[in-house]
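Peer 1: Can you read through this structure? Questions will come right after.
The values are calculated or read from the model by the stated rules, or taken from the named source; none is laboratory data. Source: prediction; values computed, not measured. Cβ placement follows ideal geometry from the backbone for every residue including glycine, while neighbour counts extend to all protein chains displayed.
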Amino acid sequence: MDFKNIAKTELHRHLELSIRQSTIKELAPLHGIELPNEKAFSDRFLITEPMADLGSVLNKFLDTQLLLSTEEILERVAYEACEDAYNEGIRILELRYAPTFVIREHDNLTFDSIHAAFVKGVEKAEKDFPMAVGLMAIIQRILPVADAESVTDFAINHKDTFIGLDLADNEVGFDSKPFASFFQRAKKAGLGISVHSGEADVPKAPEYVKDAIEFLGATRIGHGLQVYKSEEMMTYIKDNNITLELCPTSNLLTNAVKNIEDHPFKKLYDFGIRTTINTDDPGIFNLTLDGEYKLIKDLFDFTESDFSKCNDFAAHASFIAHDKKQKVWPRDILK
């Protein structure tokens, strides 16, 4: 099976962590980080083996964040992320980013300048490649509520260039319900809602997912794999047409699953849940969407028809305007 020739939709890809490795190697010395050899680069910037937990993974992202220091770099990163995705056969692409993460330690940047740079890179890519790209804003649940409010206001005020709002970072110890009013406002303003939930392997994971749907209005769940532990919750997800943004290798690297063979992707798919295939943080995790397809084929014997079904789930669930995404998709997308 030639995975590159499969028309793909990716819903869950973090823009800040989709930086090309060649770009990291070019930028790092300019920011005081010397990389004398491949091992130094890998040790400093890549996550290729399971970390202790999700929190450990999130901490390692900070070195990459340091490189996002100018509008020119941000525009370049956005353009290259789109180009790399197109070369993998991705025709509908959603890129999400946290303004509060990008701006950290960069006093020369503002939410407006960050977003304008990303939009410029994306729009340039859409002119060069036949693809539909949308940007989502992320609220970091580990930051003060005031920051969540400012990101919500920013996303709503820029809803012409944002397609949705997301809640991310470590769910354990950071309940989603206090953010409900922000997400309800965003949804009322017309933004799509996707929430990171049910990622970590903890007993309350299925309950967390239900909270994200009922209190925050999520129609998509970032990860959500742990709902496999509760048939009641799987039925709830299926009956409410919730789409899961599954990221198999990412789940191994964050210890959401102990062994990749145990990933519940096929169980969720066979149950009739809207399952989609995503990379999460391809630059830092050293992976590609094609690689995730090969992994799923090898593990679960997926056919081209199975992959098309997952991609049609994703194309339908994408928050990008229907007419825009239909122009680049080879099949009819259900409204």
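Peer 1: Identify, please: which residue in the range 39-51 is assigned to a helix (DSSP H, G or I) and of a type in the set (A, V, I, L, M, F, W, C) and is, among those, surrounded by the fewest Cβ atoms within 10 Å (Cβ to Cβ)? Before you say what the answer is, go through the steps one by one.
Peer 2: Narrowing the range 39-51 to residues assigned to a helix (DSSP H, G or I): 39-45.
Now restrict to residues that are of a type in the set (A, V, I, L, M, F, W, C): 40-41, 45.
Numbers: Ala40: 13, Phe41: 16, Phe45: 22.
Looking at the filtered set, the residue picked out is Ala40.
Peer 1: Cβ-Cβ under 6 Å, sequence separation 6+ or interchain: first residue in the range 86-103 and more than 14 Å from Asp281 (Cβ to Cβ) and of a type in the set (S, T, N, Q), partner at pLDDT 95 or above and part of a strand (DSSP E or B). Which pairs?
Peer 2: Filtered contacts from the range 86-103: Thr100/Gln140.
Peer 1: Based on this model, can you work out whether Arg20 counts as among the basic types (Lys, Arg), within 18 Å of the chain's Cα centre (by Cα), farther than 14 Å from Ile284 by Cβ and at pLDDT 95 or above?
Peer 2: It is false that Arg20 is among the basic types (Lys, Arg), within 18 Å of the chain's Cα centre (by Cα), farther than 14 Å from Ile284 by Cβ and at pLDDT 95 or above.
Peer 1: A follow-up question, please. Of the conditions (1) surrounded by 22 or more Cβ atoms within 10 Å (Cβ to Cβ); (2) out of contact with any Ser or Thr (no Cβ under 9 Å at 6 or more places or on another chain); (3) among the aliphatic types (A, V, I, L, M), Ala321 clears all except one; give me its number.
Peer 2: (1)
Peer 1: Take the residues in the range 125-146 that are surrounded by 16 or more Cβ atoms within 10 Å (Cβ to Cβ) and charged (D, E, K, R); name whichever of them is nearest to Glu94 (Cα to Cα).
Peer 2: Here is the first cut: in the range 125-146, the ones surrounded by 16 or more Cβ atoms within 10 Å (Cβ to Cβ) are 125-126, 129, 131-141, 143.
Cutting the leftovers down to charged (D, E, K, R) gives us 126, 141.
Working: Glu126: 13, Arg141: 21 Å.
Across the range 125-146, the extreme among qualifying residues is Glu126.
Peer 1: State all residues of the range 250-274 that are among the basic types (Lys, Arg) and under 14 Å from Phe302 (Cα atoms); if no residue qualifies, say none. Can you show your working first?
Peer 2: Step one: list which residues in the range 250-274 are among the basic types (Lys, Arg), which gives 258, 266-267, 274.
Across the range 250-274, the qualifying residues are Lys266, Lys267.
Peer 1: On the given criteria, is Pro36 in a loop (DSSP other than H, G, I, E, B), farther than 20 Å from Leu289 by Cβ, modelled with pLDDT of 90 or more and out of contact with any strand residue (DSSP E or B) (no Cβ under 8 Å at 6 or more places or on another chain)? Quick ask: steps written out before the conclusion?
Peer 2: Working: in a loop (DSSP other than H, G, I, E, B): yes; farther than 20 Å from Leu289 by Cβ: yes; modelled with pLDDT of 90 or more: yes; out of contact with any strand residue (DSSP E or B) (no Cβ under 8 Å at 6 or more places or on another chain): yes.
Here the answer is yes, as Pro36 does meet what is asked.
Peer 1: Moving to a separate point now. I'm trying to understand the selection: among the residues of the range 1-25, which are surrounded by fewer than 13 Cβ atoms within 10 Å (Cβ to Cβ) and out of contact with any Asp or Glu (no Cβ under 8 Å at 6 or more places or on another chain)?
Peer 2: Asp2, Asn5, Ser22
Peer 1: Find all pairs meeting these conditions: Cβ atoms under 9 angstrom apart; at least six residues apart or on different chains; first residue within the range 318-335 and under 18 Å from Glu126 (Cβ atoms); second residue of a type in the set (Ser, Thr, Tyr).
Peer 2: Every condition considered, the pairs that remain are Ser318/Thr9; Phe319/Ser194; Phe319/Thr219; Lys325/Thr9; Lys325/Ser318; Trp329/Thr9; Ile333/Ser318.
Peer 1: If you don't mind, there's one more thing I want to ask. Look through Phe313, Phe319 and report the one residue that is modelled with pLDDT of 95 or more, within 20 Å of the chain's Cα centre (by Cα) and in a loop (DSSP other than H, G, I, E, B). Outline the logic, then answer.
Peer 2: Values: Phe313 fails: in a loop (DSSP other than H, G, I, E, B).
The conditions single out Phe319.
Peer 1: Check off (1) crowded, with 21+ Cβ neighbours inside 10 Å; (2) in a loop (DSSP other than H, G, I, E, B); (3) modelled with pLDDT of 95 or more; (4) of a type in the set (Asp, Glu) for Asp166 and give me the number that stays unchecked.
Peer 2: Going through the list (1) crowded, with 21+ Cβ neighbours inside 10 Å; (2) in a loop (DSSP other than H, G, I, E, B); (3) modelled with pLDDT of 95 or more; (4) of a type in the set (Asp, Glu), Asp166 breaks only (2).
Yes or no, residue by residue, for (1) within 20 Å of the chain's Cα centre (by Cα); (2) among the β-branched types (Val, Ile, Thr); (3) farther than 15 Å from Gly217 by Cα; (4) at pLDDT below 95:
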| position | (1), (2), (3), (4) |
| --- | --- |
| Pro144 | no, no, yes, yes |
| Asp147 | no, no, yes, no |
| Lys159 | yes, no, yes, no |
| Val172 | yes, yes, yes, yes |
| Gly198 | yes, no, yes, no |
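Peer 1: Might you let me know whether the range 13-30 holds any residue that is in a loop (DSSP other than H, G, I, E, B), of a type in the set (Ser, Thr, Tyr) and closer than 22 Å to Met131 by Cα? Steps first, please.
Peer 2: As a first pass, look at the range 13-30 and keep what is in a loop (DSSP other than H, G, I, E, B): 18-20.
Then drop every residue that is not of a type in the set (Ser, Thr, Tyr), which leaves 18.
Next, from what is left, pick out any that are closer than 22 Å to Met131 by Cα: 18.
The answer is yes; a qualifying residue exists.
Yes/no matrix, rows are residues, columns are (1) touching a Lys or Arg at 6+ places or on another chain (Cβ under 6 Å); (2) at pLDDT below 95; (3) more than 27 Å from Tyr97 (Cβ to Cβ); (4) among the β-branched types (Val, Ile, Thr):
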site	(1), (2), (3), (4)
Glu261	no, no, yes, no
Lys266	no, no, yes, no
Tyr269	no, no, yes, no
Gly272	yes, no, yes, no
Pro282	no, no, no, no
Lys294	no, no, yes, no
Thr303	no, no, yes, yes
Ser308	no, no, yes, no
